[in-house]
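Step one of this worksheet: look at the structure below.
Computed from the coordinates by the stated procedures, all read-outs in this text should not be read as laboratory data. Quick caveat, the model's predicted, so the values are computed rather than measured. Backbone-built Cβ (ideal geometry, glycine too); neighbour counts: all protein chains shown.
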Amino acid sequence: MNRGSRPCEAGTAAPLKSIDKAFALAGDPQGAVPKKRTREVVAGRADEVPEGARKIVQIGHLSIGIFHLKDGYHAVRNYCPHQGAELCKGSLHGTHRPGAVSEFLPDFSGRVLRCPWHGWEFDLVTGKGLYDAKSRVMTYEVRVNETGDLILVV
Ligand code: FES
């Protein structure tokens with residue numbers, strides 16, 4: 001198996017360069033803020049995605065994963081910035097904060113998304129990469145409206 005190859009699904013994901021262009025560097029050296037989005041689309045019903053579940057939706061050329069965590073819904077692009085895997089099919093984990101030797105500081109429980117191809121990890125809430133602060137996945141605003149629809153802002 002060639003682990004470095006990209007999937008051959010034309011039109012399901014934009015090239016990596018377009019992801020990089022979509023971020024404008026902010027004052028925080030680790031941070032990048034997505035450009036302002038205003039288009040709201042209904043991505044399904046909130047009750048389709050109970051806590052702990054996820055849903056991957058296709059909005060035009062964008063594939064986006066919506067995750068229901070303890071603190072609410074979070075959405076990220078279904079495209080790994082490493083080599084383009086379908087990131088949102090990866091597993092969810094926690095991680096540990098740095099501490100003194102023999103100190104055990106679990107954190108980010110259930111909000112770390114691990115890419116199914118090579119294991120890069122991203123914080124679902126901020127989109128920041130855990131291995132490399134320069135790697136990020138695009139995040140999207142998602143909320144539930146008064147009728148129980150999931151509204152995604154793209
Ligand atoms: S494609 Fe390599 S870690 Fe995601």
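For this structure, a couple of remarks:
- Between K70 and E146, the FRET efficiency estimated from the beta carbon spacing at R0 = 25 angstrom works out to 0.65.
- Between amide H atoms placed 1.01 Å from N, distances below 5 Å from M138 occur with R77, all of them 5 or more places distant or on a separate chain.
- Gyration tensor (alpha-carbon) shape descriptor, the range 71-120, a/c threshold 1.5: oblate
- Cα gyration tensor shape of the range 65-154, rounded if a/c is under 1.5, else prolate or oblate by comparing a/b with b/c: oblate
- All other residues whose Cβ lies under 10 angstrom from that of T139 are scored, Lys and Arg at +1 and Asp and Glu at -1, for a net of +1.
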